[in-house]
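To start, the structure itself, in structure tokens.
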Amino acid sequence: MCSNNARSASSARENVITLPYNGLTLDRGRRSDADWLAEALAKGRVLAFWQDKCLVTGGLPVSLPKADREVVFLGADESGVFAADLSDVDAEAALNEAGADAAVDIRALFPDLDRQEAAALAYARGMLHWTRNQRFCGACGGRTGAEQAGHMRRCEDCGKLHFPRIEPAVIMLVESPDRRKCLLAKHRGASAYSTLAGFVEIGESLEDAVRRELHEEAGVRVSDVSYQASQAWPFPSGLMVGFRAQAVTEDVTVDHDELAEAHWFTRDEVRAQGSTRHDSIESYLVETWLREG
């Protein structure tokens with residue numbers, strides 16, 4: 001027979017692909033096939049962005065009419081899907097070039113997007129953000145040029161190769177010792193309570209990052225730390241790794257640096273507060289916990 005922990009882990013794995021921005025089915029191969037890429041670019045879509053915002057018309061993402069800019073290859077479905085950054089011009093010029101009427105944050109578009117479109121747009125946003133910020137080499141200051149269809153940049157002076165960076169972060173649903181309450185915090189400047197999260201530091205495991213963040217920010221010590229799910233989070237370059245943790249005691253000591261306050265809430269109290277953003281793994285962690293009681 002499976003233990004409760006085994007069933008919980010299995011359920012988490014089965015639900016990973018259902019999380020927003022996960023499960024992109026575009027074929028990411030053929031980055032080195034220049035002839036195929038040129039043909040695909042002539043027939044495919046070029047998603048247009050400006051300053052990390054998606055260019056839209058009538059609330060729908062536009063495809064750049066002319067692909068005469070540097071583009072990043074996202075993958076292939078029936079044809080090729082690419083992305084281009086128009087941030088080198090002002091907002092009005094970018095809208096005119098793309099034939100768009102607005103520049104909108106992807107998270108604002110999310111409720112009206114299907115899963116594949118949301119995942120593709122998030123992927124594009126992350127890649128273009130990295131491209132825009134990797135124009136120069138961090139080693140010598142020389143200019144970099146795109147290779148591998150935009151997934152690698154090479155310094156034109158020293159030859160150093162640069163690849164897209166991923167910044168892993170942990171996010172955790174913390175249960176009280178009796179598992180009847182969870183810990184939610186209000187971050188400085190925020191109006192709503194949320195789960196705790198933080199970036200992983202060099203020299204620590206994901207589980208160690210969970211323990212450190214909870215102790216540093218809320219003074220909470222935890223025993224069990226178990227993986228739940230992960231989520232692509234290219235805002236701009238994150239990977240959110242979700243955990244469930246069980247506190248040793250209900251003692252809380254807020255640092256007042258990152259957090260303004262933190263409290264234990266029953267399931268009924270969490271439900272009364274309303275739902276979290278549905279495009280975030282936080283919603284998955286909280287709702288999974290609520291269903292258990």
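Heavy-atom accessible area per residue, the chain, 1.4 Å probe: how many Å²?
On the way: 14840 Å² over 293 residues.
Here the residues of the chain average 51 Å² of exposed surface.
Couplings 3J(HN,Hα) of segment 207-223, computed from phi: 5, 5, 5, 4, 4, 5, 4, 5, 6, 5, 8, 10, x, 9, 9, 10, 9 Hz, in residue order, whole Hz [Karplus 6.51 cos²θ - 1.76 cosθ + 1.60, θ = phi - 60°; x for Gly and Pro].
Comparing Cα centroids, segment 126-165 and segment 197-244 end up 29 angstrom apart. The angle separating the long axis of helix 115-132 from the principal Cα axis of greatest extent in the chain is about 70 degrees. Here is how the number arises for the chain: DSSP H runs of 4 or more residues each give -39500 (n - 2.57), the sum is divided by the residue count, and the result at 222 nm is -8500 deg cm²/dmol.
Could you estimate the translational diffusion coefficient of segment 65-201 from the Stokes-Einstein equation, with Rh from the Kirkwood formula over C-alpha pairs, at 20 °C and 1.002 mPa s, in whole µm²/s? Please report the intermediate quantities before stating the final value.
Values: Rh = 18.5 Å.
Calculated translational D: 116 µm²/s.
Dimensions of the chain based on its C-alpha atoms, expressed as ranges along the principal axes with the largest first, amount to 60, 45, 44 Å. Since only 120, 59, 272 are under comparison, the one whose Cα sits farthest along the positive direction of the charge dipole of the chain, derived from C-beta charges on Lys, Arg, Asp and Glu, is 120.
Just how large is the dipole of the chain about the Cα centre, in debye to the nearest 20, putting +1 at every Lys and Arg Cβ and -1 at every Asp and Glu Cβ? Before the final figure, lay out the partial values.
Values: 33 positive and 46 negative charges, 88 e Å.
In debye, rounded to 20, the chain gives about 420.
In the neighborhood of residue 277, defined by Cβ-to-Cβ distances under 14 Å, what is the net charge if each Lys or Arg adds +1 and each Asp or Glu adds -1?
Values: positive: 107; negative: 105, 279, 282, 287.
Once positives and negatives cancel, what remains is -3.
In this structure, the amide hydrogen of residue 50, modeled 1.01 Å from its nitrogen in the peptide plane, lies closer than 5 angstrom to those of 55, 86, counting only residues at least 5 positions away or on a different chain. Taking the charge dipole of segment 166-241 about its Cα centre, with +1 at Lys and Arg Cβ atoms and -1 at Asp and Glu Cβ atoms, the residue from 220, 210, 191 reaching farthest to the positive side is 191. A 1.4 Å probe over all protein chains sorts 279, 105 by accessible area into 105, 279, starting with the largest. With all protein chains in place and a 1.4 Å probe, the accessible surface of the chain carries 49 percent carbon and sulfur.
Summarising the amide proton neighbourhood of residue 187: residues at separation of 5 or more, or on other chains, whose placed amide H is nearer than 5 Å comprise 194, 260.
The C-alpha radius of gyration of segment 15-106, expressed as a fraction of 2.2 N^0.38 Å, stands at 1.14.
As an exercise, find the ratio Rg/Rh for segment 50-90 from alpha-carbon atoms, using the Kirkwood inverse-distance average for Rh.
Details: Rg = 11.0 Å, Rh = 11.4 Å.
My calculation puts Rg/Rh at 0.96.
Rounded to whole numbers, the Karplus 3J(HN,Hα) couplings from phi for segment 277-293 are 4, 6, 8, 10, 4, 4, 4, 4, 5, 5, 5, 4, 5, 4, 5, 7, x Hz, using 6.51 cos²θ - 1.76 cosθ + 1.60 with θ = phi - 60°, and x at Gly and Pro. No solvent, one uniform scatterer per C-alpha: report log10 I(q)/I(0) for segment 232-283 via the Debye equation at q = 0.17 1/Å, two decimals. Results for segment 232-283 at q = 0.17 Å⁻¹ read -0.87.
Calculation over all alpha carbon pairs of segment 88-160 in 10 angstrom steps from 0 returns a P(r) of 17, 33, 33, 15, 2 percent.
With no solvent and one equal point scatterer per Cα, compute the Debye intensity ratio I(q)/I(0) for segment 159-260 at 0.23, 0.25 Å⁻¹ and report its log10, rounded to two decimals. Log10 I(q)/I(0), no solvent term: -1.30, -1.45.
The values are calculated or read from the model by the stated rules, or taken from the named source; none is laboratory data. Here the structure is a predicted model, which is why all the values come from computation and not from measurement. FYI the Cβ positions are ideal-geometry reconstructions off the backbone, even for glycines, and counts take in every protein chain you see. Just the protein is used for accessible areas: all its heavy atoms, side chains included, with ligands, DNA and RNA removed. Shrake-Rupley method; radii C 1.70, N 1.55, O 1.52, S 1.80 Å.
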